[in-house]
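The values are calculated or read from the model by the stated rules, or taken from the named source; none is laboratory data. Keep in mind that this is a model prediction, so the values were computed, not measured. Every residue, glycine as well, gets a Cβ built from its backbone with ideal geometry; the counts of neighbours run over all protein chains shown. Keep in mind that these areas ignore ligands, DNA and RNA; they rest on the heavy atoms of the full protein, side chains included. Shrake-Rupley method; radii C 1.70, N 1.55, O 1.52, S 1.80 Å.
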Amino acid sequence: MPSVDKRSLLDRVSATGRIEPEDVRALRGLHYADGLVDPAEADFVFDLEQRVREVVPDWSDFFVEAMTDHVVMQTEPHGYVGGETAQWLIGRLNEDGRIRSETELELLVRIVETARAVPFRLSAMALEEVRRAVVDGSGLTRHGALAPGQITMAEVALVRRVLYGAGGEGGVAVSREEAEALFDIDDAVEHTDNAETWATLFAKAVGNYLMAAVLHETPSREDALRRQAWLDAPDDGASFLDRFVDGLTGIGNLIEGLTQSLGDKVERAHRETNARRARAIEEAERLSDGEVDWLVARMGRNGRLSRAEMALVEFLRSGHGRLPVPVEAVVARLERAA
């Protein structure tokens, strides 16, 4: 970015709390003159944002666009958010102990959406803003007088954006950190009437995490981005166990499709396929001890199952009707206490 009278602009915005549209036009022209924002210039733009008290749409658009370009496209590794860059961003966004403006929250979510992968702590930071809002009844995601302990449609939409965008280290679909944050939000809202879409989003997102844990594989970034269609789709009775079985029996299905095979070959192929299905179901129904322990510890922390947790149980039971024994025991105890 060519030279600009930074001190004068900072002093004026500090005094008035407002950045004028002509200032934004000048900054945009300077930025796109060479298309680059170096680290010093990025800090200057952040310094301006932290002095703005009267929101100007032109400024918000420029700030989000320019900082996203800097963090995602212009800083190595291009297209990703590395650890050092994430630490710098968190430090700038969290200088007052929490994100200070809707513009800065939009920047965080936009970066999560734009990058091919981000450290989990960035998506967790965005989800934490939702949790704080529902606990306090006020915050960046709140408009108007809303009671604490309730999640709104707008907040569910923000959570959905974060989950769809966050690829995380290795492109994981839904991470343990994100699943933990979803449980924290649900703990804060479980006793109130929430947006109707919350329980479904919670169940499918946590189920997505458990599915990935059972499959012991990491989806590609492209597969992770296809979560939107799956999370938004109505329940069709297919459980994560079905997905697990289907993934392990592709060869058997291919064999079954070879209609030209006759006699013993066909019968043997069916037996082998059925045996693989049985082993896959047994493996999937166990989960891992670590995931079972985690799920048992997280569910019903307030002494009963929330609506969202009940939706998760139904999601996991769909198709096969069985959960790991420790999870079934906890569910039964909490259902009796309800």
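A few comments on the model shown:
- Of the trypsin sites (Lys or Arg not before Pro) in segment 98-139, the ones in a loop by DSSP (not H, G, I, E or B) with at most 16 other beta carbons within 10 Å are R98, R100, R116.
- In sequence order, calculated HN-Hα J values of segment 53-69 (Karplus, 6.51, -1.76, 1.60; Hz; x Gly/Pro): 10, 10, 6, 10, x, 4, 5, 4, 4, 5, 4, 5, 5, 5, 6, 5, 4
- Dipole-positive endmost among V71, G83, V55 within segment 52-92 (Cβ charges, Cα centre): G83
- Note on surface exposure: R92, R160 rank R160, R92 by accessible area, highest first, 1.4 Å probe.
- Loop trypsin sites (Lys or Arg not before Pro), segment 1-86 (other Cβ atoms within 10 Å of the site Cβ: 15 or fewer; DSSP): R53
- Linear extension gain, S8 paired with E76, 0.36 nm per residue minus alpha-carbon span: 21.3 nm
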